[in-house]
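Report on the structure given below.
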Amino acid sequence: TEVETPDRSLAGRHVLVTAGPTREAIDPVRFLSNGSTGTMGFALAAAAARRGARVTLLAGPVRLDTPPGVERVDIVSADDLLEAALAHADADLVIAAAAVSDYAPAAPSDRKLKKGEGDLTLALRRTPDVLATLGERKRDGQTLVGFALETHDGETHARNKLERKNLDWIALNVQGEAGAGMGSATNRVTLIGRDGARVEIPTASKAAVADAILDAVA
Ligand code: CTP
Ligand code: CA
């Protein structure tokens, strides 16, 4: 019988993963958010821990158990995520799978808003771009991986993000494609590298896709 040697290729490495949605408060009982379930990011954290990495998982509000051996830090808003990410910005490998809200209410109310007769307009401010901030401070030997979930012109948008955020890799997935994207148990990813590399990861469970991503980037 053959015994498989466990893959400990990330032993001694620190891996930082962001996962899940953020919530941006409108008032004490309401928020802006999105449908991210955190599954892909948690799968990546679990896979990195299995390979022996020290893993820090910055998790938005999701209903998922913390993978074994992973240090989890819960965050709520994009501002929280930036603060937590900066505290771990020295990681050897950063994988940003969080679906960060791009806008937040400019002046959240500390009292519950009461409805009026007419319509309501909310003023929104831009949130910080966490991954771009890490990209600006990227150190030698550090690898940054982003995700791009696109509905159209995916390749162009993904390459633009790779450049704009100073990434080494971007994982493109297409929302609307069967078996891929937010809320799906499976995913199909095209990994695009800074150096022109292109890795097609066929539709598979998010755990299998996480392993394939680590094979390519680590
Ligand atoms: N990201 C981030 N902080 C933000 C927005 C995005 O860290 N405020 C990260 C995501 O985790 C992802 C990557 O940046 O890894 C790309 O996110 P995406 O929403 O696709 O790109 P944006 O730059 O926000 O552009 P847009 O939403 O307009 O497509
Ligand atoms: Ca965005």
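Computed values, structure above
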| quantity | calculated |
| --- | --- |
| Every residue from region 20-50 that is charged (D, E, K, R) and touching a strand residue (DSSP E or B) at 6+ places or on another chain (Cβ under 6 Å) | ARG23, GLU24 |
| Any strands (runs of 3 or more DSSP E) falling wholly within region 124-203 and containing at least 2 residues that are surrounded by fewer than 16 Cβ atoms within 10 Å (Cβ to Cβ) and more than 16 Å from the chain's Cα centre (by Cα) | 124-126 |
| Residue match in region 105-117 (condition: under 20 Å from PRO21 (Cβ atoms), within 16 Å of ligand 2 (Cβ to nearest atom) and open to solvent by less than 50 Å² (accessible area, probe 1.4 Å)) | no |
| Pair list, Cβ under 7 Å, 6 or more apart: region 81-99 residue under 24 Å from ALA11 (Cβ atoms), other residue basic (Lys, Arg) and crowded, with 17+ Cβ neighbours inside 10 Å | ASP92/ARG13; LEU93/ARG13 |
| Of residues in region 80-103 being near ligand 1 (Cβ under 10 Å from one of its atoms) and outside any loop (DSSP other than H, G, I, E, B), the one farthest from the chain's Cα centre (by Cα) | TYR103 |
| Residue under evaluation ALA78, criteria (1) without any contact (Cβ under 8 Å) to a residue 24 or more places away in the chain; (2) more than 23 Å from ARG13 (Cβ to Cβ); (3) among the aliphatic types (A, V, I, L, M), criterion not met | (1) |
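The values are calculated or read from the model by the stated rules, or taken from the named source; none is laboratory data. Just so it is clear, the model here is predicted, and its values are computed rather than measured. So basically every Cβ, Gly included, is an ideal-geometry build from the backbone, and we count neighbours across all protein chains shown. Note: areas computed on protein heavy atoms with side chains; ligands, DNA, RNA excluded. Shrake-Rupley method; radii C 1.70, N 1.55, O 1.52, S 1.80 Å.
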